[in-house]
Amino acid sequence: MASYYVDATLGDDSNPGTITQPWKTISKVNSSSFNPGDKIYFKRGEIWRERLTVPSSGLDGNPITFGAYGTGDKPKISGADVVTDWSGPDVNGEYYKSGFATGPYVVLRDGSRISKGTVGSLGANEWGYDSGTLYLGFDPSSHTIEAGQRTSPITINGKSYITIENITVYGGNNRADTDAAGGNICIYGASNNIILNYITSYGCHFSGIGIGDSDVSDITISNVTVYDTLGAGIRFASGVTNSTLSNFTVHDCAMLPSDDGAGGNGGGVEIISDCDNISVSSGEVYNTGAGLTSQGADPGVAVYESTNIDITKVKIHDCYGGGAYYRSVTAGHPSSGNFVYNIVCNNGNTSMPSGSILVGLRAQGVTDARVTVNVYNNVFCNNLVDYVGQNDRMGMVYASGETTINFKNNILKDPIGDYSCYMFIRSSVTYVASNNCYHTTGSNNRWSWDFSYKYSLSEWESVSGETNSLNQDPSFVDPDNGDFRLKVGSPCIDAGTNVGLDRDFNYNPVPWGAGVDIGAFELIRRITVLSLSHNSLDCRLNKWTDLSRFHNHGVPHSGVRPCVVAPGIMGYWFDGNSGYVDCGNNKSLDIIDTITIKAWVKVKGWTGSNQLLVSKGSPSAYSLFLANNSNFRFEIRTGSGFQTLDSLVQPVSGRWYHLVGTYNRALPSDNLKVYVNGAFKNSMDNTEGVITNDEPVYVGRHPTGLYFNGTIAEPCIYNRALSADEVRENMYRSPIYRMLRGLPHSMIYTKVPWKQTQGGIYAP
């Protein structure tokens, strides 16, 4: 396994490709043969105006990786060339450049696509092309103009076990492969086991990422951003199977006037033409289809004649063609999947052409091509509901034809439009529904069954067979600003039915409370999820009792034993070699957005390695530890890696320290904080959220080792971030603090400043 480096400025293709003697061009990469496990790194801050055609395949466990090295912006691969030396203006006031052998389908001004017009009458923001000459309707002298010249700057054709990560690609000029339709990244031709990670794709003709071929499978796409494309941002087509898309953002697709009729459908994510077993999760789609005013736009997420397609935890908003659909129109080509824990809001626009069906969700099959979809725990709010130009009723959720829709635990609020209603269901549909919530602040409190309005929930339930639903305000936290969590006291709390789902939109455990909540969010009662007792009756050789209601009791292993911290106050001593406590992997410990980890710690000695105090899994979702530089640290794992916060405190052996690490994703800054002995010590920014795992929480070690040498007492985990005042209050109330102050255990806590002598804590 070898590593090769490419530097567009300082490289030379006659070099051996080492980090000190890098190659220069992608052409050199394309003409080379690589072995499984090889890595090819492009230098950050550089740009290549070439086409990367992956030349070799890896093997299972040893993929060939294309990535980045150095510092700065991600390396860029462009399908467009910079155009200079313009002439003009001509008699039409247009500027021009001749000599193009390849006609552009995309032109970018300062990095953004501009609309195509008609040569001779170009508008101020338009370009045109005729007979080898590119024209602009504005003076280009103060702009950077790039014209598309290469199809799909990254192409994978018939290759497997490939990873591409940390690269920006733009300017793709694709009109060649209509199946994959990948303007910037195109995957086709019996390719499988491909990973795309931390990719940015923008400014191209057709899709930002296009995957299409009946022999393509096992494509994993994560942590990608796609925008400013003619077609769908991300497109699976023509039989792609067994693939995933997660942690993504797609926006501003088909937004230009010239995108109308140019070949793209303008959706955010499209899965079409006999694809199977594809999961789309944890993403956002917005601002799509504005340019398609005559042909009409697809919705934000479109599933067309494809099966086992799961759309989960996706926010779809401000899409001109509506929210989402599952559709089939050709016999023998059904559609199916799960549409769960999504937010569908503010979609639809009256600029769409007559006959457009604008809804939050559309499910529509035909004879011998049935659509079957489970629609659970979604929020549909403020969507334009319209059968454009037809002056006829339409529902925020629309189902017709040969369709089965299981519809439970959803909230439908404020459908918009003169003929709008919550549900539009035809009698041909198999409709199984319960435990939904309907509400409007307007006058459209109605449903439609076979074109007949129903004006009360009881009337609707009578004709549709729906049961146990509500016609009440769901009481969102702040719907005007996109916060669709439930307020305390919402009628939707615990009012749903269990459909077998275990994580809500924010990845919180389901249910949280007496039952499942209706909507996309469980109301999380911010409580302690782990609190290991200091009571002598709770600290035993075979069990360290958890005082939270989740029973995350610790099981001691090997070189660990309970010890007396003070009369009646217990902790555990860890030997630094094999001792640890296993607190299990209850779902209450899977925390994403807000967390506090706290413990009293007394270090006995140093091992030369990190010593874990509290940690969850490997790689650790979150941890509190003594670093090998002898500082206490707090750490979480996010999509961009480990976020490690140093306490700036080096402990003294034999002294007690009160350690607290907190994380609050919702804060605008200083999301991670660390406190020592009640005093704030350090902070850092990160709003990505914790990447959790299904592994247990350990006290005193990491799953790979890294044992702690010393004593730990009162370890706690909260599913909220304690404030600075709460951190201090928590410490003052601890019997360990009172013991160290020499106060009676029964005495009310004190905030008197204190210091401690030999053998205990020192608080400056």
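Here are the numbers for the structure shown:
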{"read-out": "Filter result (over 14 Å from Y320 (Cα atoms) and either crowded, with 22+ Cβ neighbours inside 10 Å or at pLDDT below 95 (or both)) within the stretch 365-384", "value": "G365, V371, V373, V375, Y376, N377, N378, V379, F380, C381"}
{"read-out": "Output for the stretch 367-390, where each listed residue is closer than 22 Å to Q295 by Cβ and more than 24 Å from the chain's Cα centre (by Cα)", "value": "L384, V385, D386, Y387, V388, G389, Q390"}
{"read-out": "Of all residues making up the stretch 519-564, the number that are charged (D, E, K, R) and either within 30 Å of N471 (Cα to Cα) or touching a residue at least 40 places away in the same chain (Cβ under 8 Å) (or both)", "value": "3"}
{"read-out": "Members of the stretch 233-253 found to be assigned to a loop (DSSP other than H, G, I, E, B) and either crowded, with 23+ Cβ neighbours inside 10 Å or not assigned by TED's automatic domain parsing to the domain that holds Y202 (or both), listed by number", "value": "G233, V240"}
{"read-out": "Flag for G267 being outside any loop (DSSP other than H, G, I, E, B), over 18 Å from the mean Cα position of the chain (by Cα), closer than 30 Å to E688 by Cβ and of a type in the set (G, A, S)", "value": "no"}
{"read-out": "Number of the condition not met by N157 [criteria: (1) under 37 Å from the mean Cα position of the chain (by Cα); (2) of a type outside the set (K, R); (3) over 20 Å from E50 (Cβ atoms); (4) surrounded by fewer than 22 Cβ atoms within 10 Å (Cβ to Cβ)]", "value": "(3)"}
{"read-out": "Residue satisfying all of: in the stretch 487-519; among the polar types (S, T, N, Q) and more than 23 Å from the chain's Cα centre (by Cα); surrounded by the most Cβ atoms within 10 Å (Cβ to Cβ) among these", "value": "S490"}
{"read-out": "Condition check for R665: modelled with pLDDT under 95 and either among the polar types (S, T, N, Q) or within 35 Å of the chain's Cα centre (by Cα) (or both)", "value": "yes"}
{"read-out": "Qualifying residues in the stretch 180-205 (those that are touching a Cys at 6+ places or on another chain (Cβ under 9 Å) and at pLDDT below 95) - the one nearest to D110 (Cα to Cα)", "value": "G183"}
{"read-out": "Filter result (in a strand (DSSP E or B) and buried (at least 18 other Cβ atoms within 10 Å of the Cβ)) within the stretch 563-581", "value": "V565, I569, M570, G571, Y572, W573, F574, Y580, V581"}
{"read-out": "Per-region count, the stretch 636-666, residues touching a residue at least 24 places away in the same chain (Cβ under 8 Å) and either under 15 Å from T596 (Cβ atoms) or of a type in the set (S, T, N, Q) (or both)", "value": "16"}
{"read-out": "Filter result for V529 (at pLDDT below 85 and assigned to a strand (DSSP E or B))", "value": "yes"}
{"read-out": "Tally, over the stretch 210-232, of residues that are within 14 Å of I272 (Cβ to Cβ) and either under 18 Å from the mean Cα position of the chain (by Cα) or surrounded by 20 or more Cβ atoms within 10 Å (Cβ to Cβ) (or both)", "value": "7"}
{"read-out": "Pairs where the first residue, in the stretch 672-700, is under 30 Å from D502 (Cβ atoms) and the second is assigned to a strand (DSSP E or B) and basic (K, R), C-beta under 8 Å, 6+ apart", "value": "V690/R637; I691/R637; T692/K616; N693/K616; E695/K616; P696/K616; V697/K616; Y698/K616"}
{"read-out": "Matching residues, the stretch 637-661, being of a type in the set (K, R) and under 18 Å from L612 (Cβ atoms)", "value": "R637"}
{"read-out": "Top-ranked residue in the stretch 27-44 [being touching a strand residue (DSSP E or B) at 6+ places or on another chain (Cβ under 9 Å) and of a type in the set (S, T, N, Q); ranked as nearest to I162 (Cα to Cα)]", "value": "N35"}
{"read-out": "Every residue from the stretch 119-164 that is in a loop (DSSP other than H, G, I, E, B), among the hydroxyl-bearing types (S, T, Y) and closer than 30 Å to I194 by Cβ", "value": "T151, S152"}
{"read-out": "Matching residues in the stretch 318-335 - criterion: being surrounded by 21 or more Cβ atoms within 10 Å (Cβ to Cβ) and on the phi < 0 side of the Ramachandran plot", "value": "C319, Y320, G321, G323, A324, Y325, Y326, R327, S328, S335"}
{"read-out": "Residue check for D318: farther than 20 Å from I405 by Cβ, assigned to a strand (DSSP E or B) and outside the structural domain of S222 (by TED's automatic domain parsing)", "value": "yes"}
{"read-out": "Counted residues, the stretch 520-569 - those being among the acidic types (D, E) and within 36 Å of the chain's Cα centre (by Cα)", "value": "2"}
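Quick grid of which residues meet (1) at pLDDT 95 or above; (2) within 34 Å of the chain's Cα centre (by Cα); (3) among the acidic types (D, E); (4) not assigned by TED's automatic domain parsing to the domain that holds N247:
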residue: N631; (1), (2), (3), (4): no, yes, no, yes
residue: E635; (1), (2), (3), (4): yes, yes, yes, yes
residue: S640; (1), (2), (3), (4): no, yes, no, yes
residue: T644; (1), (2), (3), (4): yes, yes, no, yes
residue: D694; (1), (2), (3), (4): no, yes, yes, yes
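The values are calculated or read from the model by the stated rules, or taken from the named source; none is laboratory data. None of these values were measured; they are calculated from a predicted model. Virtual Cβ from ideal backbone geometry, glycine too; neighbours counted across all protein chains shown.
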